[in-house]
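The values are calculated or read from the model by the stated rules, or taken from the named source; none is laboratory data. This is a predicted model, so every value here is computed, not measured. Neighbour counts run over all protein chains shown; Cβ positions are idealised from the backbone, glycine included. In case anyone asks, the SASA skips ligands and DNA or RNA and just uses the protein heavy atoms, side chains included. Shrake-Rupley method; radii C 1.70, N 1.55, O 1.52, S 1.80 Å.
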Amino acid sequence: MIIRKTEENNIIEALYSSSTICASKFNKLTNELTIIFNSGGQYKYPNIDTLDYQLFEGAESNGSVFTSVIRKKYSNFVKMDKVNVSPMLTEIDKLKNGII
């Protein structure tokens with residue numbers, strides 16, 4: 001579930017309270033979705049249907065919707081370099097605990 005969401009210049013960035021997904025970035029102009037997993041794995045999915053993104057974003061279990069919709073329907077993805085997710089996971093923990 002999303003615990004922080006920002007939108008600027010048609011880019012939606014979100015942090016998740018999820019056992020698998022750390023963050024996402026969705027470009028509303030290009031319909032490109034980038035998913036960052038808690039492991040640091042980062043994948044870019046082009047041409048995501050806006051309704052599929054909204055389903056993913058609003059899900060109680062983002063990981064389940066990722067697996068059943070995004071991963072299943074959009075096989076044309078790009079695996080990107082791993083990222084250091086420690087700062088994001090720290091921020092997520094603080095948000096979940098009401099510290100920030």
Of those in the range 44-55 that are in contact with a helix residue (DSSP H, G or I) (Cβ under 9 Å, 6 or more places away or on another chain) and open to solvent by 30 Å² or more (accessible area, probe 1.4 Å), the residue farthest from LYS73 (Cα to Cα) is LEU55
Out of curiosity, is PHE56 closer than 24 Å to PRO87 by Cα and either of a type in the set (A, V, I, L, M, F, W, C) or in contact (Cβ under 8 Å) with a residue 40 or more places away in the chain (or both)?
-> yes
Of the residues in the range 85-100, those that are open to solvent by 100 Å² or more (accessible area, probe 1.4 Å) and either in contact (Cβ under 8 Å) with a residue 60 or more places away in the chain or outside any loop (DSSP other than H, G, I, E, B) (or both) come to LYS96
Residue hits (the range 1-43; buried (at least 20 other Cβ atoms within 10 Å of the Cβ) and on the phi > 0 side of the Ramachandran plot) are none
Every listed condition ((1) more than 16 Å from LYS5 (Cα to Cα); (2) part of a loop (DSSP other than H, G, I, E, B)) holds for SER64 save (2)
Discussion item. Given the condition more than 14 Å from SER17 (Cβ to Cβ), open to solvent by 80 Å² or more (accessible area, probe 1.4 Å), at pLDDT below 95 and of a type outside the set (Phe, Trp, Tyr), answer yes or no: does some residue in the range 61-69 qualify?
Written reply: no
Being among the basic types (Lys, Arg), assigned to a loop (DSSP other than H, G, I, E, B) and exposed (fewer than 15 other Cβ atoms within 10 Å of the Cβ) narrows LYS72, LYS82 down to just LYS82
